[in-house]
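Since the structure comes first, as structure tokens, the remarks are kept for the end.
The values are calculated or read from the model by the stated rules, or taken from the named source; none is laboratory data. Being a predicted model, the structure only gives us computed values, none of them experimental. Every residue, glycine among them, receives a Cβ derived from its backbone with ideal geometry; neighbour counts consider all protein chains shown. Accessible surface is based on the protein model in full, side chains and every heavy atom, while ligands, DNA and RNA are left aside. Shrake-Rupley method; radii C 1.70, N 1.55, O 1.52, S 1.80 Å.
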Amino acid sequence: ISAPFFWSEIVASTPLKTLPSLTALRGICAIINVVLHLMVAFSPQQAQVFAQFRPYLVVDLFFLMSGLVMAHVHGTSLAHDPWGGAVAYLRARFARIYPLHLVALCAVIIIVAIWPYTGHGIDFSLKTMLLHFGMLQGLSSKLSCNDPAWSDGDEMIAYVVILLTARRLMLGSHGW
């Protein structure tokens, strides 16, 4: 099956705004990711054993599935009217990511306020905190206080890339 044919079959197969067949797999990826981060924090030796199975690849798989869902939900509208739908699209994406990002960041701040971090190598500076609130923590050169949140900023960047490329991908020479 050629990629363009396969892609159009997936996107056109259902008018649903979700892809229920991916929900379980996305959930499994999220659970593996959380378990890995907890193991790194609380049981580094077990995390090294677990890392032999390359569980970090679930992040890549999760991003790939998210891109498919984004194309399914927003691809057609962004392809036909990229700037008209841009505000609604970005608002929806921001509303999906930022609340949980903010809750996790506030939880880290509270936990560190209660149990001060005595190690070194992790940046708790005001600059890093401000970068976190803007989901720009990837711009810091040091390991940040909420390191797993790197993916939040990267996900927002991916959403902008989807916005800028949707028209070309959906209506371009391949007509995906």
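Every test in (1) at pLDDT 85 or above; (2) open to solvent by less than 60 Å² (accessible area, probe 1.4 Å); (3) under 29 Å from ARG168 (Cβ atoms) is passed by ALA107 save one, and that test is (3). Identify, please: which residue in the range 29-49 is among the hydrophobic types (A, V, I, L, M, F, W, C) and either within 30 Å of ALA166 (Cβ to Cβ) or under 15 Å from the mean Cα position of the chain (by Cα) (or both) and is, among those, surrounded by the most Cβ atoms within 10 Å (Cβ to Cβ)? Going through the qualifying residues, I end up with CYS29.
Every condition in (1) part of a helix (DSSP H, G or I); (2) closer than 27 Å to LEU25 by Cβ is met by MET135 except one, and the failing one is (1).
Checking the range 86-102 against the condition returns no match, with no residue being in contact with a Leu (Cβ under 8 Å, 6 or more places away or on another chain) and free of Cβ contacts under 8 Å to residues at least 40 places away in the same chain. Could you check the range 50-59 and list, in sequence order, the residues that are exposed (fewer than 11 other Cβ atoms within 10 Å of the Cβ) and either at negative phi or touching a residue at least 24 places away in the same chain (Cβ under 8 Å) (or both)? Selection gives GLN52, PHE53. In this structure, GLY67 does not satisfy being more than 30 Å from ARG168 (Cβ to Cβ) and assigned to a helix (DSSP H, G or I). Does MET70 meet the test of being touching a residue at least 12 places away in the same chain (Cβ under 8 Å) and farther than 12 Å from ILE162 by Cβ? No: the conditions fail for MET70. Assess whether LEU139 counts as being open to solvent by 90 Å² or more (accessible area, probe 1.4 Å) and in contact with a Leu (Cβ under 7 Å, 6 or more places away or on another chain). Considered against the rule, which asks whether it is open to solvent by 90 Å² or more (accessible area, probe 1.4 Å) and in contact with a Leu (Cβ under 7 Å, 6 or more places away or on another chain), LEU139 comes out as yes.
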